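Heads up, the thing below is written out as structure tokens.
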Amino acid sequence: MSEETPWYKKIGFGLKRTSERLTENLSSIALKAALDDETLDEIEETLIACDLGPGTAGRIRERLAGERFPQGVTELEVREVVAQEITKILKPVAQPIEIDAFPRPQVILVIGVNGSGKTTTIAKLAHWFQELDYEVMLVAGDTFRAAAIGQLKVWADRLEIPIISGAEGADAASLVFQGVKEGTAQGTDTLIVDTAGRLQNKSGLMDELAKIKKVLGRLNPAAPHNVILVLDATNGQNALSQIEVFKEIAGVSGLIMTKLDGTARGGIMVAAAEKYGLPIHAIGVGESMDDLRPFDPEAVARAIVGLPHQ
């Protein structure tokens with residue numbers, strides 16, 4: 001895909017498997033001139049099976065039950081209704097990150113389980129802020145894994161941005177303290193902090209995050225300004241349980257949904273929005289640096305149901 005490919009087209013390509021799954025399932029339902037309860041049940045079950053969640057599915061069922069289709073309902077009309085309802089759910093949560101902290105830097109803690117694409121997402125986020133002409137600094141706070149430290153250093157070198165790091169097992173809170181001090185001295189706009197993602201040790205992770213927040217509070221009572229959870233869309237319903245846990249232990253303020261390229265489970269973004277209402281700051285639909293961006297709710301909704309962008 002060329003660099004000139006419009007963002008809405010990248011969204012369409014990324015959600016292609018999701019839309020294929022949804023349209024294939026809808027096509028298997030024998031639509032009748034009037035949507036009876038049995039047919040509405042089938043549509044609702046199909047939407048749940050496509051990871052849109054019971055809340056969203058129930059809302060769409062209700063809307064379809066109240067619609068009049070004088071000429072008899074078509075699959076296209078059902079998909080249009082689904083797209084409209086998904087748009088309504090996603091609009092309130094589609095909120096790009098605003099770099100507006102004063103005094104600087106704006107501290108962004110990035111959390112998520114290992115394997116969610118967290119480190120790569122941090123690099124893409126840094127690149128995005130660079131394009132917006134912000135000064136960025138990274139902190140390699142996932143000191144539990146030497147590989148995470150090394151990977152973040154590689155990205156920092158490629159992007160030519162400063163990074164605060166230590167050896168494996170170093171105290172993450174001390175690194176964050178150093179990052180804020182240096183970021184303040186250098187006039188950095190945003191400090192992006194990687195954190196450990198070992199959910200199997202929830203109490204240890206909670207203690208570490210609490211320590212980081214305590215250290216930040218000494219330097220800037222408003223920090224951290226953002227606590228962003230990175231979710232892997234391919235995890236489907238497991239992604240929702242991650243929101244539940246990380247909300248409890250880290251006070252998540254917003255989400256970034258990754259790996260929407262090539263998954264049939266893109267509907268989970270809608271389920272997350274409907275259930276939790278947390279801001280979704282950006283979505284990742286590919287491997288390149290430019291494939292993490294804020295999203296257009298209508299473009300995503302139409303891509304999910306396989307309808308052309310308007």
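Note on the range 222-239: among residues that are open to solvent by 10 Å² or more (accessible area, probe 1.4 Å) and at pLDDT below 90, the one that is farthest from PRO162 (Cα to Cα) is GLN237.
Please go through the range 15-68 and give me each residue that is in a helix (DSSP H, G or I), among the hydrophobic types (A, V, I, L, M, F, W, C) and more than 22 Å from ALA273 (Cβ to Cβ), ordered by number. Correct list: LEU40, ALA65.
Within the range 202-212, restricting attention to residues that are of a type outside the set (Asp, Glu) and without any contact (Cβ under 8 Å) to a residue 12 or more places away in the chain, which residue is least open to solvent (accessible area, probe 1.4 Å)? This residue is GLY204.
Residue by residue, here is whether (1) free of Cβ contacts under 8 Å to residues at least 24 places away in the same chain; (2) under 17 Å from ILE304 (Cβ atoms); (3) out of contact with any Gly (no Cβ under 8 Å at 6 or more places or on another chain); (4) not charged (D, E, K, R) holds:
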site	(1), (2), (3), (4)
THR5	yes, no, yes, yes
GLU20	no, yes, no, no
ALA30	yes, no, yes, yes
GLU44	yes, yes, no, no
GLY66	yes, no, yes, yes
LYS88	yes, yes, yes, no
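In the range 245-257, the residue that is farthest from GLY115 (Cα to Cα) out of those that are at pLDDT 90 or above and open to solvent by 10 Å² or more (accessible area, probe 1.4 Å) is SER253. For the range 273-298, a residue qualifies if it is under 20 Å from GLU248 (Cβ atoms), open to solvent by 20 Å² or more (accessible area, probe 1.4 Å) and in a helix (DSSP H, G or I), and the qualifying residues are GLU274, LYS275, TYR276.
When the range 72-103 is limited to residues that are modelled with pLDDT under 95, assigned to a loop (DSSP other than H, G, I, E, B) and buried (at least 18 other Cβ atoms within 10 Å of the Cβ), the one that is nearest to the chain's Cα centre (by Cα) turns out to be ALA101.
The values are calculated or read from the model by the stated rules, or taken from the named source; none is laboratory data. This is a predicted model, so every value here is computed, not measured. We place every Cβ from the backbone using ideal geometry, glycine too, and count neighbours over all the protein chains shown. All accessible areas refer to the heavy atoms of the entire protein, side chains included, with ligands and DNA or RNA removed. Shrake-Rupley method; radii C 1.70, N 1.55, O 1.52, S 1.80 Å.
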